[in-house]
Amino acid sequence: MAGRALLVVDPQNDFCPQGALGVPGGDEIMPLINELAPRFPIVVATQDWHPAGHASFASSHPGRRPLEVIELDGIPQVLWPDHCVAGTRGAEFHPGIDLRAARAVVRKGTDPRVDSYSAFRDNQREHPTGLAGLLRELGVTRVVIVGLATDYCAAFSARDALELGFVPEIWLPATRPVGAPPGHLERTLAELRQLGVVLREDLPEDR
Ligand code: VGL
Ligand code: ZN
């Protein structure tokens, strides 16, 4: 099984019900991820980690509301409620996830001017997080992606993983989507399938 890594995307309080950007059922996947993790020789996690006043926050754009889409430096940006502000409780990992075995935690979204859904690089695709180098150096070729949210950080991570030469899969039962704006989830999953990303609807028997 060497060569395979589990990438646990943003299992944080703010993406769970009650959180600032609560994803329905977001907390339900934590026990499942705990069960999956020991099957992987390498586990890495990401943490969405924004400075206050981040450009992805609706509150940073006077007159704008969460879930409106604007153009930010030439690319579409969904505006979010303030979430995962560095050092806050909302940015902490959910208490139900056990990441003691995680080899690394990669923080992303730290640049105030640009969002970073992907575990690998920002949305402008300019600044890498270093994760690709880490995984390559560890001999990882296949990346199994779980966590929050399916339609943003998991999806962007899968697309980048593919572009960066890894073989990505998303294990859908261990993810939950934001589900907004309408149609975005369906479009995103269709695009990923088209690219050849395996989207598992069921978990492997011997998981
Ligand atoms: C995410 C929206 C904003 C995610 C992060 O983890 O999917 N979504 N920041
Ligand atoms: Zn974010």
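The values are calculated or read from the model by the stated rules, or taken from the named source; none is laboratory data. This structure is a prediction, so every number in the text was calculated from the model and none was measured. So basically every Cβ, Gly included, is an ideal-geometry build from the backbone, and we count neighbours across all protein chains shown. Just the protein is used for accessible areas: all its heavy atoms, side chains included, with ligands, DNA and RNA removed. Shrake-Rupley method; radii C 1.70, N 1.55, O 1.52, S 1.80 Å.
Could you work out [θ]222 nm for the chain from helices alone, using -39500 (n - 2.57) per DSSP H run of at least four and dividing by all its residues? Round to the nearest 500 deg cm²/dmol. If you can, show how the numbers build up before the last one.
Values: 4 runs with 35 residues, N = 207.
The helix contribution divided over the chain gives -4500 deg cm²/dmol.
In a reduced charge model with +1 at each Lys and Arg Cβ and -1 at each Asp and Glu Cβ, the chain shows a dipole moment near 340 debye about its Cα centre. The residue list 16, 54, 42 was ranked by how far each Cα lies along the charge dipole of segment 1-76 toward its positive end, using unit charges on Cβ atoms, and 42 comes out on top.
Can you give the Kirkwood hydrodynamic radius of segment 165-207 from its Cα pairs, in Å with one decimal? Numbers along the way, then the final one.
Details: mean 1/r = 0.0864 Å⁻¹.
With all distinct Cα pairs of segment 165-207 included, I get 11.6 Å.
Accessible area per residue for segment 48-154 is 48 Å², calculated with a 1.4 Å probe on protein heavy atoms, without ligands, DNA or RNA. Atom-type composition of the exposed protein surface of the chain places 52 percent of the accessible area on carbon and sulfur (1.4 angstrom probe).
When you restrict to C-alpha pairs under 8 Å that are six or more residues apart and normalise by the size of the chain, the relative contact order lands at 24 percent.
Take the Cα of residue 98, step 7 Å toward its Cβ, do the same at residue 60, and the gap between the two points is 3.7 nm.
How are the C-alpha pair distances of segment 1-121 spread across 10 Å bins, as whole percents from the shortest bin up? Values per bin, smallest distances first: 14, 41, 31, 13, 2, 0. For residue 52, nonlocal amide neighbours, meaning residues 5 or more places apart or on other chains whose placed amide H falls under 5 Å from its own, are 86.
Taking a cut-off of 22 Å, what percent of all Cα-Cα pairs in the chain are separated by more than that?
44 percent
For segment 30-93, the dipole from Cβ point charges (+1 on Lys and Arg, -1 on Asp and Glu) about the Cα centre works out to 120 debye, to the nearest 20.
Using the Cα gyration tensor of segment 89-207, with a ≥ b ≥ c the square roots of its eigenvalues, what is the shape: rounded (a/c below 1.5), prolate (a/b larger than b/c) or oblate (neither)? Rounded, because the longest to shortest axis ratio a/c is under 1.5. Rounded to the nearest whole Hz, the Karplus-based 3J(HN,Hα) values (6.51 cos²θ - 1.76 cosθ + 1.60, θ = phi - 60°) of segment 46-56 follow the sequence 10, 9, 5, 8, 9, x, 4, x, 4, 5, 7, with x at glycine and proline.
The share of alpha-carbon pairs in segment 15-62 lying farther apart than 15 Å comes to 65%. Determine the percent antiparallel among the DSSP beta bridges restricted to the chain, to the nearest 5. The answer is about 20 percent antiparallel.
Short version: ³J(HN,Hα) in whole Hz for each residue of segment 74-85, in order, from phi by Karplus 6.51 cos²θ - 1.76 cosθ + 1.60 (θ = phi - 60°), x for Gly and Pro, what are they? In residue order, the calculated couplings are x, 10, x, 9, 6, 8, 10, x, 3, 8, 6, 6 Hz.
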